[in-house]
1. Identify which of A:Gln63, A:Gln54, A:Gln90 has the largest mean-square fluctuation in a Gaussian network model of chain A, with springs joining Cα atoms closer than 10 Å.
2. Is chain A rounded, prolate or oblate when judged by the Cα gyration tensor, a ≥ b ≥ c being the square roots of its eigenvalues, rounded requiring a/c under 1.5 and prolate requiring a/b larger than b/c?
3. For region B:6-491, what is the charge dipole size about the Cα centre, in debye to the nearest 20, if Lys and Arg each add +1 at the Cβ and Asp and Glu each add -1 at the Cβ?
4. Evaluate the relative contact order of chain B (contact order divided by residue number), counting alpha-carbon pairs under 8 angstrom at least 6 apart; express in whole percent.
5. Which order, highest average first, do B:449-456, B:167-174 follow once you tally other Cβ atoms within 10 Å for each residue and take the mean per peptide?
6. Can you compute the charge dipole magnitude of the protein assembly as shown about its Cα centre, using +1 on each Lys and Arg Cβ and -1 on each Asp and Glu Cβ, nothing else charged? Give it in debye, rounded to the nearest 20.
7. Which of B:Gly352, B:Ala461, B:Ile375 sits closest to the plus end of the dipole of region B:347-489, meaning its Cα is farthest towards the positive end, when Lys and Arg get +1 and Asp and Glu get -1 on the C-beta?
8. In sequence order, what are the phi-derived ³J(HN,Hα) couplings for region B:43-60 according to the Karplus relation 6.51 cos²θ - 1.76 cosθ + 1.60 with θ = phi - 60°, rounded to whole Hz, with x for glycine and proline?
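Where a number appears in this text, it was derived from the coordinates with a stated rule and is not lab data. Everything numeric here is computed off the predicted structure, so don't read it as measured data. In this analysis, Cβ positions are derived from the backbone assuming ideal geometry, glycine residues included, and neighbour counts consider all displayed protein chains.
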Amino acid sequence: MLQSERMHILINMNRSIKKINYTLEPHTADICIKLGGTTLKKLFDNAAKAVTDQMVSAGKKGQKIMNDIAIIAPDKDLLFIYWLQEVLYQFYVHGLMYAGSKIKSLSNTTIKAEVAFIRFDPKEHDAKREIKAVTYHDVHIEKKGGIYSVRFVVDI
Amino acid sequence: MAEIRLKQIGAYKWQMQQEADMNVPGIVYADERMISSLMHDESLKQVRNVAMLPGIINASIAMPDIHAGYGFPIGGVAAFDSSDGIISPGGVGYDINCGVRLLRTDIPKDSILKTQDSKTDIQDSILGRLVDRLFDNIPSGVGSRREDIQFSKADLDRIALNGVQEIISKGFGLPEDIQRIEANGTISGANPENVSQRARERGHDQLGTLGSGNHFVEVGFVEEVYDQKVADIFGLIKNNITVLIHTGSRGFGYQICDDNLRTLQSSAYKQHIVLPDRQLVWAYFNSKEGRQYFGAMNAAANFAFANRQLITHWVRESFEQVTGETADKLGMRIVYDVAHNIAKEETYTINGKQKKLMVHRKGATRAFPAGHPEIPEAYRSTGQPVLIPGDMGRYSYVLVGTEQTLSETFGTVCHGAGRLMSRGQAVRSSKGRQVIKELKEKGIIVKGATRATINEEISEAYKDVANVVDIVEGAGLARKVAKLRPLGVIKG
């Protein structure tokens, strides 16, 4: 039988270690990620970090580059997918790894954020795998008991 | 969701009952054991979802290598009327024209397994040097590329339009190569103007790269010949070396799929189209959005043919560097190159009438039989070679399609073994094992960009491709021509 696998990312903040948990749900061909957040902003941020964690090793040494990103979508689920597609684009085209963000505004249809990236350096960072895309398959952001959660599949 | 009910209608053929929300029934090619295992994943639900798409013809079909994908199942086939039907990027996937190319040679297997100076390690053989050279010459893994080739924006446009012809004109291959590639390596209807700036940016440096995941270059040999006459025409000689190349359109195709899915999501949202799965978003083929996607998809398909052509050039170069002989003298010729992720306009007889259909193959291989006008003249009497790679530790097959495929599966069969395990499961299963050493003890040298990729691709992670191929043959869709055994594999 297919099993879930618990994952965590340890992020070295200035004075503390922050841990982000996510789960790899069973999926035969690709990678299915399940995670949560106490707010919608945290859900978006955690998802971007989880996708990055699947692409590159956790050690994120390097100078931070700040970029403003604004995305519009017809609804919240699509906005989430487009946000993660932006994370892939920045990595594969500009070599920028998502490292965190200050989300200035987030509605069901728009996100505006100041995103911190670290430039990928093969001497400092290990590429784990190539993610082709974040798929639309069965993506539904849910809120239960004050916690947001989402399950999504990335094509590898 | 309604219960999925399957009824066995042939030795290896199962019909999924057509429920009210389905436009056609589902058809699954499998044996009883496979059908039981399919109950554990989402693949049958995905067959059902595809059957809900508007204008689908005959059935939502699944091949015996079926496993859960996103949107379409992997191993899925569906056709729609070209005049008033739809096209769906989710029915092709992100890796547009992911496909397989097979090269044959005149090199006897034993001549490359010899070691020098009474050494016994296979790594010290010509094969060991070949695997190292292939790994050095062919960019494999995330971010890897050759610094010695550059393509301009204009080059990229011409490659998107002309595919392999453009790459060969730049010296990467032989003029006769194009005769043994699906559509001569150039699918008409490509429109580079439909390709976004982002797709160009993402694809530009990835032309001539293998990628990662299940992509590979495999040196093997013809272990068994089942049909001598056809094998002779394909140029496959028992115990001679072969090379399989499996890769696709890289970031160029991924981004083209992404761009068009996004456009179609907006249209679907505005038109209140209800989808069983958002990945299955579609456009009428003759709509502006449908034509936009078709033109861009074909550009990616041509990019993929060109990608496999560049890798072929470096495979030939690697053999020349290691053996000291020319590729021509070594008989390194393309047997065939065929896509397994694509949508193509093809003509079929439906209810006694000739119709142009948009056939979607998502992890499924075209298998046109003898006499079909779209296959190379050299194979007109046999049918097109159908290339079915297995896992890196066992074997692969070369088949030939039968007339029955045209009436049952839109000229299509399986595309590989099909995964059994998730990647996490495969890694857990290989924990504490030395997979590379195990394979070496079986006489297979494997070299990968990361150990993790190799562990994810262990043999046990896949179905036995022999079972998959036996079902295809048992169902009357194709016949076995030859079995290939791996000797050396490079993976991204």
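1. In this elastic network of chain A, the residue with the biggest mean-square fluctuation among A:Gln63, A:Gln54, A:Gln90 is A:Gln63.
2. Taking the square roots of the gyration eigenvalues as a ≥ b ≥ c, chain A is rounded.
3. Using only the charged Cβ atoms, the result is roughly 540 debye.
4. Working: 1184 pairs, mean separation 109.7, N = 492.
The value is 22 percent.
5. B:449-456, B:167-174
6. Details: 82 positive and 75 negative charges, 369 e Å.
Roughly 1780 debye, rounded to the nearest 20.
7. Of the options given, the answer is B:Ala461.
8. These are the phi-based 3J(HN,Hα) values: 4, 5, 4, 5, 4, 5, 4, 5, 5, 7, 5, x, x, 5, 9, 6, 6, 8 Hz.
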